[in-house]
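A.B. asks: Below you will find the structure I want to go over with you.
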Amino acid sequence: MFNEDFDEDYVEIDYDQISSDDLQQQQQNRVQIHQDNHQIGFIMRAIVNREYGFHNDSKNHPKMSNYNPIRFKHHLRDSLYLMKNMSHTNEMFEHIEPIYSVDFNHNGQYICSSGNDCKVAIWNWPDSNLDYIYDSGHLTSGVRCCRWSPDGDYITTCGDDGFVRCAIIDRPLVTQSRVTCYHDAIVNEFVHCDPCVILSAGQDGRIFQSDLRQRSAIELLNIPRRKDGVFRFRTIDCNREIRPHLFAVAGYGSSVLVYDRRFINNSDGNHLPYCTYYLSFLAFNEEDRSRFSVPCVRFSPNGDRLLCSASTGEVVIADITRGSNVSSRRSVLIGQGVKLFSEPTFKCCWFGDRLAFSTSNDGFLYAWDVYDGTMIFFKIGDEIGNTNEIFFRYHFID
């Protein structure tokens with residue numbers, strides 16, 4: 001059985017003594033796992049404590065049951081040892097390069113992917129086989145984003161033609177998609193803020209709210225700019241579980257804007273709604289401002305922080321709970337992107353509350369500790385091109 005007494009040096013696992021004749025055999029069967037790496041010992045204690053239903057923080061959190069699996073998953077997910085031991089597993093080929101988007105469904109069984117064509121492929125993750133493929137219905141090649149619905153019943157896509165389309169997956173029949181909204185320019189990204197509600201942001205400066213239970217979409221915002229006329233959006237995100245009323249948008253420019261849907265009045269078209277949070281990156285000269293962009297923003301799992309990537313190689317974490325533009329609450333993670341063909345195109349995502357990932361057009365994947373801003377490791381994501389997509393489905397991990 002497991003020994004319940006754990007110290008900081010090793011975890012000891014021995015077996016019950018059957019008789020005195022088996023003492024020598026018992027000594028041979030005794031296993032000592034020395035904690036050369038603190039993370040290894042941490043994981044072993046977490047696994048054993050999970051089996052016993054015991055946790056060291058039970059006294060600090062008496063309302064949470066000792067048998068609650070959230071304790072184990074939270075601590076194991078934040079283990080640096082597991083992150084450092086990530087490895088390349090599968091390669092799946094179907095699309096015309098490049099691949100723009102991939103996404104897991106709610107239970108991690110299937111992956112949907114889209115690329116520089118009009119097709120959406122559905123893969124079976126355990127065996128890496130192509131399960132189903134259908135025509136997205138977009139008029140031009142380039143499906144920029146494809147994502148499963150929170151319940152896994154349909155897939156939403158957006159592309160270069162400005163359409164946001166939704167398709168109910170019915171494998172025995174031919175899958176057809178319908179248009180939920182239309183932008184006048186490229187739509188790089190959208191987000192599900194509700195199982196039936198989709199927010200999309202396009203490079204025409206408009207943000208649409210599409211309710212699948214209704215026939216037409218609602219234009220939430222149309223943000224102008226003084227110089228070039230519109231705010232060209234590249235990314236949008238919201239925290240569906242904790243704060244679904246907030247959403248963040250960014251794009252070509254040095255600003256990240258956070259709005260509250262509850263305070264947006266669609267009838268008042270002459271005034272922009274109150275911006276809940278505003279984050280501005282520093283651009284040193286006019287040329288830098290014209291080329292500056294924020295290609296990705298992501299809410300933390302708790303919804304209190306924003307992870308933002310910039311075309312200059314910066315990855316910024318900003319606290320949005322107390323106000324805007326307070327430099328003491330911003331931590332900058334400096335990336336290692338190399339300008340090979342154009343400006344670095346960064347994607348980023350959270351890995352729990354402590355860790356973060358970012359990508360660049362140098363093909364590498366970077367892991368960061370958000371508490372102290374140190375780089376944990378970097379690995380090759382794509383040997384011949386950009387790493388266009390990265391995400392962490394913490395629904396599946398939890």
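A.B. asks: In the range 93-108, how many residues are under 16 Å from the mean Cα position of the chain (by Cα) and either at positive phi or outside any loop (DSSP other than H, G, I, E, B) (or both)?
C.D. replies: 6
A.B. asks: Exactly one of these conditions fails for Leu246: (1) more than 15 Å from Leu306 (Cα to Cα); (2) within 22 Å of the chain's Cα centre (by Cα); (3) of a type in the set (A, V, I, L, M, F, W, C). Give me its number.
C.D. replies: The single condition Leu246 does not satisfy is (1).
A.B. asks: Answer yes if at least one residue in the range 297-312 is modelled with pLDDT of 80 or more, in contact with a strand residue (DSSP E or B) (Cβ under 9 Å, 6 or more places away or on another chain), in the same structural domain as Ile376 (by TED's automatic domain parsing) and among the basic types (Lys, Arg), and no otherwise.
C.D. replies: yes
A.B. asks: Can you name the residue in the range 276-296 that is under 19 Å from Gly202 (Cβ atoms) and assigned to a strand (DSSP E or B) and is also modelled with the lowest pLDDT among such residues?
C.D. replies: Here the answer is Ser293.
A.B. asks: Filter the range 147-204 down to residues that are surrounded by 19 or more Cβ atoms within 10 Å (Cβ to Cβ), in a loop (DSSP other than H, G, I, E, B) and touching a Leu at 6+ places or on another chain (Cβ under 6 Å), then give me how many there are.
C.D. replies: Here the count works out to 1.
The values are calculated or read from the model by the stated rules, or taken from the named source; none is laboratory data. What you see is a predicted model; the values in this text were computed from it and never measured. All Cβ positions, even for glycine, are placed from backbone atoms using ideal geometry, and neighbour counts span all protein chains on display.
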